[in-house]
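The values are calculated or read from the model by the stated rules, or taken from the named source; none is laboratory data. Computed from a prediction, not measured in an experiment: that's the story for all the values here. Note: ideal-geometry Cβ built from the backbone for every residue, glycine included; neighbour counts use all protein chains shown.
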């Protein structure tokens, strides 16, 4: 039989051997890993404009359309582009400015045509 002192010494020696061995790495992801809790959501916002300055937006999540053909003002498009990034704002503002110039030219042409029509009407009334 062993004495209590020998048992204590043997137990201590076994515990020392276990502490000396490195812990085996566990398989899989560690608990509380950020990779498990991080979710990404993919949304696609498409903004299209015409040469006339008419803009519309469409929103898609995966293969599902959330919104289609929503009318958007040119001012809202310009502000959104400026908020996102300066590299986006410059070309969009150039397109909006070109559409604005075309509209101004169209207004000037219509005003000239209206003035001619008023003169013709005034001549007929005399």
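Going by the conditions given, is residue 60 at pLDDT 60 or above, farther than 30 Å from residue 104 by Cα and not in a loop (DSSP other than H, G, I, E, B)? So that I can check it myself, show each step before the final result.
Working: at pLDDT 60 or above: yes; farther than 30 Å from residue 104 by Cα: yes; not in a loop (DSSP other than H, G, I, E, B): yes.
For residue 60, the condition - at pLDDT 60 or above, farther than 30 Å from residue 104 by Cα and not in a loop (DSSP other than H, G, I, E, B) - is met.
For residue 43, all conditions in the list (1) loosely packed, with under 11 Cβ neighbours inside 10 Å; (2) out of contact with any helix residue (DSSP H, G or I) (no Cβ under 8 Å at 6 or more places or on another chain); (3) in contact (Cβ under 8 Å) with a residue 40 or more places away in the chain hold save one; what is the number of the exception?
Failing condition for residue 43: (3).
Taking the options 82, 102, 61, 56, name whichever one is in contact with a helix residue (DSSP H, G or I) (Cβ under 6 Å, 6 or more places away or on another chain) and surrounded by 10 or more Cβ atoms within 10 Å (Cβ to Cβ).
82
Can you name every residue in the range 71-126 that is outside any helix (DSSP H, G or I) and either in contact with a strand residue (DSSP E or B) (Cβ under 8 Å, 6 or more places away or on another chain) or in contact (Cβ under 8 Å) with a residue 40 or more places away in the chain (or both)?
The answer is 71, 72, 73.
What is the residue count in the range 68-78 for residues that are surrounded by 12 or more Cβ atoms within 10 Å (Cβ to Cβ) and closer than 19 Å to residue 43 by Cβ?
Of the residues in the range 68-78, 3 are surrounded by 12 or more Cβ atoms within 10 Å (Cβ to Cβ) and closer than 19 Å to residue 43 by Cβ.
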